[in-house]
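A quick write-up on the structure given underneath.
Values quoted throughout were computed directly from the atomic coordinates according to the rules given, and no laboratory measurement underlies them. Since we're looking at a predicted model, the values are computed, not measured. Don't worry about glycine lacking a Cβ; one is built from the backbone with ideal geometry, like all the others, and counts go over all protein chains shown.
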Amino acid sequence: MFFSVAASDTLIEAINDILPQTQCGQCGHLGCRPYAEAILNGAATNLCPPGGEITARRLARLVNDTPKPLDPAHMRPLLSSVARIREDECIGCTKCLQACPTDAIYGAAKRMHSVIESECNGCDLCVEPCPVDCIDLIPREDADTNRLRQAGGRP
């Protein structure tokens, strides 16, 4: 498929606009824009867990692809999770702040950090860099929120 540079840029922007902009990397790309570029170059349209089934269908429709269910290889269970910091164990290193693609973690250097749960997409990117292992991913208990997230990403 050949597109002019302007048409390619326009299509990449349209694809990127559909993606949830969580920059979580769960699709195997370094963020939403690189995934949009990969889709234009033939990557599957069903690799975005935060976007859910609705995003996969919208992406497929935009690039004239056959809609497919979310790819299980890129999925953890679709039950929505949220990061929780055990605040009494936090040393304030800021490594979780740097890793969080949605700025859901707040705090200052050498101070305890916390998570803004409504902004957390449960991507798990903050857990590994924590040197004291004080971050847990726990399932959200709101069934309605979980249902919305499974269907179409962030509510």
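Tabulated values for the structure
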| read-out | value |
| --- | --- |
| Cα gyration tensor category, rounded, prolate or oblate, for segment 35-108 with a/c compared to 1.5 | prolate |
| Charge context of E37, other residues only, Cβ under 14 angstrom, K/R +1, D/E -1 | -2 |
| Amide H contacts under 5 Å for H113, placed H, 5+ residues apart | G92 |
| Net dipole in debye of segment 5-74 [+1 Lys, Arg Cβ; -1 Asp, Glu Cβ; about Cα centre; nearest 20] | 160 debye |
| Net lengthening on full extension, K68/D133 (0.36 nm per residue, minus Cα-Cα) | 19.7 nm |
| Full-extension gain in nm, D103 to D88, via 0.36 nm per residue minus C-alpha separation | 3.3 nm |
